Amino acid sequence: MKEIVIINGPNLNRLGKREPEIYGSETLDDLEKQLRDHANGREIELDFFQSNSEGEIIDRIAEASDQGVSGMIINPGAFTHTSIALYDALAGAGLPCVEVHLSNIYRRESFRQKSFTAAACDGVISGLGFYGYIAAFDYLLSGSARRSR
């Protein structure tokens, strides 16, 4: 059975409450349900992880690599724009990975338009809300996914 790890970074546990005009009114639990519904009937195990701590996210990426999971979907939140350590963890994991952002980071503040982590991922999906996670999931199952660096 294939396993995909979905990692959500800082403040994503506040979805539905935090800036709903940007991130919408749905919650992280709603996202998990949508992805589980989308995966239903496929031989896929989904493992959801959220942390506001950079170190915990780095540890989960290393665990996923050591477990040999099939791929990762990551929304690093604000760490996208600040964390070389997170880039290093993703690059060293050797797993297919898609970076996802709910909002279009290129239509936001200039400091949000640079992603340190994107270069360690197969691709980036930005601005499609929860559908971005569905698209990332479908990509990882498509057979087109490649091993990251």
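The values are calculated or read from the model by the stated rules, or taken from the named source; none is laboratory data. Bear in mind that the values here come from a model prediction, so they are computed numbers and not experimental data. For neighbour counting, all protein chains shown are included, and Cβ atoms are generated from backbone atoms with ideal geometry for every residue, glycine included.
Checked against the criterion of being within 11 Å of the chain's Cα centre (by Cα) and polar (S, T, N, Q), region 98-116 has no qualifying residue. Within region 98-112, is there a residue that is in contact with a Lys or Arg (Cβ under 9 Å, 6 or more places away or on another chain), surrounded by fewer than 20 Cβ atoms within 10 Å (Cβ to Cβ) and within 19 Å of residue 53 (Cβ to Cβ)? Looking through region 98-112, none of the residues is in contact with a Lys or Arg (Cβ under 9 Å, 6 or more places away or on another chain), surrounded by fewer than 20 Cβ atoms within 10 Å (Cβ to Cβ) and within 19 Å of residue 53 (Cβ to Cβ).
Here residue 116 meets each of (1) of a type in the set (Phe, Trp, Tyr); (2) assigned to a helix (DSSP H, G or I); (3) modelled with pLDDT under 95 with one exception, condition (2).
Do you know which residues across region 62-79 are of a type outside the set (Gly, Ala, Ser) and under 15 Å from residue 133 (Cβ atoms)? Scanning region 62-79 gives 72, 73, 74, 75, 76.
When region 97-123 is filtered for residues that are without any contact (Cβ under 8 Å) to a residue 40 or more places away in the chain and under 14 Å from residue 7 (Cα atoms), the ones remaining, listed by number, are 99, 100, 101. Is it the case, given these coordinates, that residue 53 is within 21 Å of residue 140 (Cα to Cα) and of a type in the set (S, T, N, Q)? Judged against the criteria, residue 53 is not a match.
Candidates are the residues of region 31-45 that are surrounded by 14 or more Cβ atoms within 10 Å (Cβ to Cβ) and out of contact with any Lys or Arg (no Cβ under 6 Å at 6 or more places or on another chain); the one that is nearest to residue 16 (Cα to Cα) is 31.
Hey, can you tell me all the residues within region 48-70 that are assigned to a loop (DSSP other than H, G, I, E, B) and either over 20 Å from residue 145 (Cβ atoms) or in contact with a His (Cβ under 9 Å, 6 or more places away or on another chain) (or both)? Listed by number, the residues that qualify are 51, 52, 53.
Pairs are defined by a Cβ separation below 7 Å, a sequence spacing of at least 6 or placement on different chains, a first member in region 71-96 that is part of a helix (DSSP H, G or I), and a second member that is surrounded by fewer than 17 Cβ atoms within 10 Å (Cβ to Cβ) and of a type in the set (Phe, Trp, Tyr); the pairs so defined are 81/111.
Let's see how each residue does on (1) touching a Lys or Arg at 6+ places or on another chain (Cβ under 6 Å); (2) surrounded by 15 or more Cβ atoms within 10 Å (Cβ to Cβ); (3) of a type in the set (Gly, Ala, Ser):
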{"site": "20", "(1), (2), (3)": "no, no, no"}
{"site": "23", "(1), (2), (3)": "no, yes, no"}
{"site": "64", "(1), (2), (3)": "no, yes, yes"}
{"site": "89", "(1), (2), (3)": "no, yes, yes"}
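You will find that of 18, 42, the residue that is without any contact (Cβ under 8 Å) to a residue 40 or more places away in the chain and not in a helix (DSSP H, G or I) is 18 and no other.
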